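Everything on this sheet refers to the single structure shown next.
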Amino acid sequence: MPETPHVSTPPPSPGLPVQALDELVARIVQRTRATDMHTHLFAPSFGSLLLCGADELLNFHYIVAESFRAHHLPYSEFRHMSRASRSDLIWESLFVQRSPLSEATSGVLEIGQALGVDLRLDALREALCDVPTETYVTRVLDLAGVDSVVMTNDPLDPVERAVWERSPAMHPRFHAALRLDRLLNHYQAVVPELCSLGYAVRDTLDAQTVLELRRFLDHWLERMGALYVAFSAGDDFSFPGESTREQLLERVILPVCLARELPLALMIGSRRQVNQDLGDAGDSLGRASMLPIEALCSRYPDQRFFVTVLSRESQHELVVTARKFHNLMIFGCWWFVNTDSLVTEITRMRLELLGPTFIPQHSDARVLEQVIYKWQRARHVIARLLGDRYRRLIEMGWTVREDDIERDVRALLNDNFWGFIRRA
Ligand code: RAT
Ligand code: ZN
C-alpha cells in the first residue's frame, strides 16, 4: 500500500494561512528563550571578570580595531590611554565624526535603544552599570531572551584560576565550558605552570605526562562542572598526526571526553596576532580544511563534536560534513561571519541542507549588554529565513501549525544544544 500523503490527514488544529505566517514566526522566535552556548561572560560571583557598562562596550576589541581606521593614533599611544579616554576617542572618531554604520558600532546604539537610554556617551555611561548587580544581570539577560549562558573557562589563565580556587558561587543561568587553547596551542609554554600546579609533566608526551594531563583535565572538569570541552585552532588545524596538538587531542583530550561523555567544541580558522600591536584586536582568519573534522567524526563515532568555522569560504564544506556525520553539531556564526549579510547566507544554507538540526547562533559576548543586540539580530534573521521556509511548505499544501513552529524554534535556540550534550 502506498503511504497516505501527509497533506490529506486532518490536522489536530487548523493550519496557518500564509498571510499570518511572517508575523507569527517573528513572535515565536521573539518569545522563545535561548541558550547562549559560547560567550566570554562570567557569572556575577567572578567579580570584575564580568565586564559591563558603556566604557567596556566601547573598548570591545571589534570596535577598537575599527577605530584605528579612523583615528590613526600610534598603537603605543592608544595602549597607554585610560579606558575612559579610549572610549572618548572611539566615540568621537566612530560615532561623531562619522556614522556608526558597522555591525559592532551600531550594536552599541541597539543596546542603548533597548535599554531606553539616550544615544549619547554621557547618558550611556550613566545608565549602563559598570559593576554588575544580580538585578542588572537578570534584567539584561531577560531583555535578550537568554535563559542560559555558557562561559569560556581556562584554568591556565591565572586570574580566572584564582577565582575558581575561591569556589565562586555558581549561578543557575551561567554554565562552564573548559577551554584548552593554551594547553593545546602552546603546550611547551605551559609546562612550567602545570608543574607548579603539581602535575608531573614534561615537554614530551611520555606515558606519565599523558596520565598527568588527563588528571589535570579531570580535576578542572569536576571543579567547573563543565558542559563541554573547547578549543580554537588556526587555519592550519590538522588531524590525525604527530604534532603536539594532534597527540594531545588523541591521547589526552579525546580519551577524557569519551570517558566522561562530554562533547568537544572546535572553533577553527583563527589566525592569532597578525597585528600584535592591536592586542586582542589583532587576530585574523584563514580558510581551514574540513578534512580534520571529517577524520575526527569518522574515527570517533561515539564522540560528539560541536564545530564552528571562521572563514566564510569554509561554511559550505562544514555543512556538507555535518550531513555525513550526525556526531557533528554545527554552532553559531563566529566573530567575522557574525554580520547581518553573512549570518543570513550561512543560516539559510544550513536550513536548506540540514533542516532545523543545528545551532544557528551564539553571542560571543565579552561585555554583558552585548547579548541584547547579538540576540536581537540573530532572532531577526532566523525569523525571516524560517518564515520563508514555512511559506514554501504551506504553498506545497503542507499543514504548518503554531506548535510545529514553536517546536522547531525551540530546537534551534535551545533544545539542539541541550540534546547534544545529553542534558535535555
Ligand atoms: O569573538 C571574539 O571575541 C574573539 O576574540 C575570540 O575570543 C573568539 O570568539 C574565541 O572564542 O576564541
Ligand atoms: Zn569566543
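Computed on protein heavy atoms with a 1.4 Å probe, the accessible areas place His71, His362 in the order His71, His362, largest first. Between Ala20 and Arg69, the contour length at 0.36 nm per residue exceeds the alpha carbon distance by 13.1 nm. For the stretch 53-128, with all protein chains in place and a probe radius of 1.4 Å, 49% of the accessible heavy-atom surface sits on carbon or sulfur.
Indicate the gyration tensor shape class of the stretch 72-135 (rounded, prolate or oblate), computed on the Cα atoms with a ≥ b ≥ c the square roots of the eigenvalues: a/c under 1.5 is rounded; otherwise a/b larger than b/c is prolate and the rest oblate. Oblate is the answer for the stretch 72-135, as a/c is 1.5 or above yet b/c matches or exceeds a/b. Highest-first packing order for the peptide set 308-318, 282-292 is 308-318, 282-292, based on the mean count of other beta carbon atoms within 10 Å. For the chain, relative contact order (Cα pairs under 8 Å, six or more residues apart, normalised by length) works out to 23 percent.
Between the alpha-carbon centres of the stretch 231-278 and the stretch 201-222 there is a gap of 16 Å.
Entry comment: accessible area of the chain is 44 Å² per residue, from protein heavy atoms only and a probe of 1.4 Å. In this structure the amide hydrogen of Arg271, modeled in the peptide plane, comes within under 5 Å of the amide hydrogens of Ser284, Leu285, Gly286, none closer than 5 places in sequence on its chain. When both bridge partners sit in the chain, DSSP labels roughly 10% of those beta bridges antiparallel.
If a/c stays under 1.5 just call it rounded; otherwise compare a/b with b/c (prolate if a/b is bigger, oblate if not). Do that for the chain, with a ≥ b ≥ c from the square roots of the Cα gyration tensor eigenvalues. Oblate.
Shape class for the stretch 366-424, computed from the alpha carbon gyration tensor (a ≥ b ≥ c): oblate, with a/c not under 1.5 and a/b at or below b/c. Dividing the mean sequence gap of close Cα pairs (under 8 Å, 6+ apart) by how many residues the stretch 190-336 holds gives a relative contact order of 20 percent.
Sorted largest first by accessible area at a 1.4 angstrom probe radius, with every protein chain in place, the residues His40, His380, His72 fall in the order His72, His380, His40.
What figure in square angstrom, to the nearest 10, would you give for the accessible area of Tyr300 with a 1.4 Å probe? Rounded to the nearest 10, that gives 40 Å². Estimated from helical segments only, the mean residue ellipticity of the chain at 222 nm is -14000 deg cm²/dmol, where each DSSP H run of four or more residues counts as -39500 (n - 2.57). For His38, the residues 5 or more places off, or on other chains, whose built amide H falls under 5 Å of its own are Val150, Ser363, Asp364. Here the Karplus relation 6.51 cos²θ - 1.76 cosθ + 1.60, evaluated at θ = phi - 60°, turns the backbone of the stretch 99-112 into coupling constants of 7, x, 8, 6, 4, 5, 5, 5, x, 4, 5, 5, 5, x Hz, with x for every Gly and Pro. For the stretch 222-308, the Cα gyration tensor yields ellipsoid semi-axes of 25, 16, 11 Å (square root of five times each eigenvalue, largest first, whole Å).
The values are calculated or read from the model by the stated rules, or taken from the named source; none is laboratory data. Since the structure is predicted, the reported quantities are computational estimates derived from the model, not experimental observations. Note: ideal-geometry Cβ built from the backbone for every residue, glycine included; neighbour counts use all protein chains shown. Calculation scope for accessible area: heavy atoms of the full protein, side chains included, ligands and nucleic acids excluded. Shrake-Rupley method; radii C 1.70, N 1.55, O 1.52, S 1.80 Å.
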